[in-house]
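K.L.:
For reference, the structure I am asking about is given below.
Nothing in this text is a laboratory measurement; each read-out follows from the coordinates by a stated rule. In this text the structure is predicted, and so the values were computed from the model without any measurement. Every residue, glycine among them, receives a Cβ derived from its backbone with ideal geometry; neighbour counts consider all protein chains shown.
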Amino acid sequence: MTEPNLPRAILSIQDVYTRSLIISALTKYLPSIDILSINSPSTDTPNIITSSRPSLTLYWQEYEDLDFSHLLVNPQTTLANSYCIRKGLIRKAQLSQLLHKHVIKNPESILTRAVPETWLFEVPHVEYLDEALEDVFEVLRDCEANQISDSAENNERRKKNFILKPNLVNKGAEVVIFESVNQLRAIFERDSSSSGPLEQTNNEVAADSMENFSDQVSNDEISDEDESMFHIREWVIQRYISNPRLINDRKFHIRAYVLAISNIKVYLHKDMLALFALKPYDPENIHNTLSHLTNTCLQINQAEYVESEQVKLFWELKEKANGSSIIPVQDLNSIFDQIKDILRECFKAVVGEVTQFMPWENAFELFGFDFIVDENNQVYILEANSFPDFKQTGSRLSYVITKLFEGTVALAVVPFFNRSLAIATEERNQDVNSENRFVLVFERNIRIPNNDSVK
């Protein structure tokens, strides 16, 4: 039986790949830590979790498994891998609103040009679609202009396209590009027999959306017939970046792993990914999903999918096999600097809104931020994801995720356990620093108001 006064880590991460990397990172830097996976049968588990003797405990679990009430009242002895409240960051509509608010107060911010124009689009039922369209008059205006452009002869006006995204769902699910009101209307008027965006099943909601809930909603509370579910009915419309920077005629987006620690330091992992579309970019055919959407999960079952071609290290883009440049080094450095600046301003925008983002002292979290670059080397932030898919690197770049978790343990977990462990020698700390692939982008001491309960 585990001694209750020993430092310990309690894991309940469902994905075997991710769980193995966490365990490996913990044992590398904290070899004396006692690790318990509560996915495995253990009669000792209740005694370990409920022991009255104080012991430093790391809870690295799925969001819905974390006991935030316990964490709230034990800030000095417990550490969690997720913040309780972070919907202002991971929900597309809330993030857009907070960034817009920040830009109004700080017109010199890089966010003034780094955030695609975004509209909240609430459709509680298809019968209210016309009413919802009245609230996005700029979208209506440009869609009407697109229609006029189609009918005009020799009109060289570039169409202004839009992209519709569910507020919560990630991995490219239910994302649609459109250029006309009729196309948008068709999305919400699919036959009831089809599994369209308004008819997600309970299992789909649980798989795609549950990881992004800031309010812990059980599967039992989600009904297949409930057409008023907020997380299904809220969407965002973004102005589509129609002039993306291309490599070999293919569009790509950048996945950046971001670590937020306590209240609060924010680090960017240097080894970002470049995720490519499967098909050549075709601006005239916005319905070719594999040409316009770069999400790996949409491609992996396609016969043409080649991991080494679709998933690359961002810094690999600086050279070809013959030594010539794909993207000049100065452009890569500029993109990286812009991403650092965008992240800094993004967290400036959200940390002051405690009902939307509350960084607890005894928590940390890994986020996946997505960015796109246009043909003028301008970087745009697309979204932020909690519990990102760490397997999308594939086998060739799996070392990136290994270093990601090792750096996370070094920066977020080791200092927590150093309060009582004597193993953190100066030599080991130097080893931690030498292998760290993170760069600090934001730091602020946030005073969190007292809370009587956690919802």
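K.L.:
What are the ³J(HN,Hα) values, in whole Hz, obtained from phi via the Karplus relation 6.51 cos²θ - 1.76 cosθ + 1.60 with θ = phi - 60°, for each residue of the stretch 370-387 in sequence order, with x given for Gly and Pro?
P.N.:
10, 10, 10, 10, 8, 5, 9, 6, 7, 9, 10, 7, 9, 5, 10, 10, 8, 6
K.L.:
Oh, and also: Tally Lys and Arg at +1 and Asp and Glu at -1 over the other residues with C-beta under 12 Å from the C-beta of residue 342: what net charge comes out? Let's see the in-between values first.
P.N.:
Working: positive: 113, 340, 344, 348; negative: 337, 341, 345, 370.
Its environment carries a net charge of 0.
K.L.:
Would you please give the residues with an amide H less than 5 Å from that of residue 80, counting only those at least 5 places away or on a separate chain, with H modeled from the backbone geometry?
P.N.:
Answer set, sorted by chain and number: 59, 363, 364.
K.L.:
List every residue whose amide H lies under 5 Å from the amide H of residue 357, counting only residues 5 or more places away in sequence or on a different chain, with H placed 1.01 Å from N in the peptide plane.
P.N.:
Under 5 Å from the amide H of residue 357 lie the amide H atoms of 88, each far enough along the sequence or on another chain.
K.L.:
Ok, one more. For the stretch 261-273, take each phi angle, set θ = phi - 60°, evaluate the Karplus expression 6.51 cos²θ - 1.76 cosθ + 1.60, and give the result in whole Hz per residue in order, putting x for glycine and proline.
P.N.:
Whole-Hz 3J(HN,Hα) from phi for the stretch 261-273: 10, 6, 10, 6, 10, 10, 10, 9, 6, 5, 7, 7, 10.
K.L.:
Ranked highest first by average number of other Cβ atoms within 10 Å, how do 441-447, 267-273 line up?
P.N.:
Values: 441-447: 13.3, 267-273: 21.1.
The densest-packed peptide leads the list: 267-273, 441-447.
K.L.:
Here's a follow-up. Starting with the highest mean, order 382-391, 68-77 by the number of other Cβ atoms within 10 Å, averaged over the residues of each peptide.
P.N.:
Ranked by mean Cβ neighbours within 10 Å, highest first: 382-391, 68-77.
K.L.:
List, in order, the whole-Hz ³J(HN,Hα) value for each residue of the stretch 23-30 obtained from phi through the Karplus relation with A = 6.51, B = -1.76, C = 1.60 and θ = phi - 60°; use x for Gly and Pro.
P.N.:
4, 4, 5, 5, 6, 5, 9, 10
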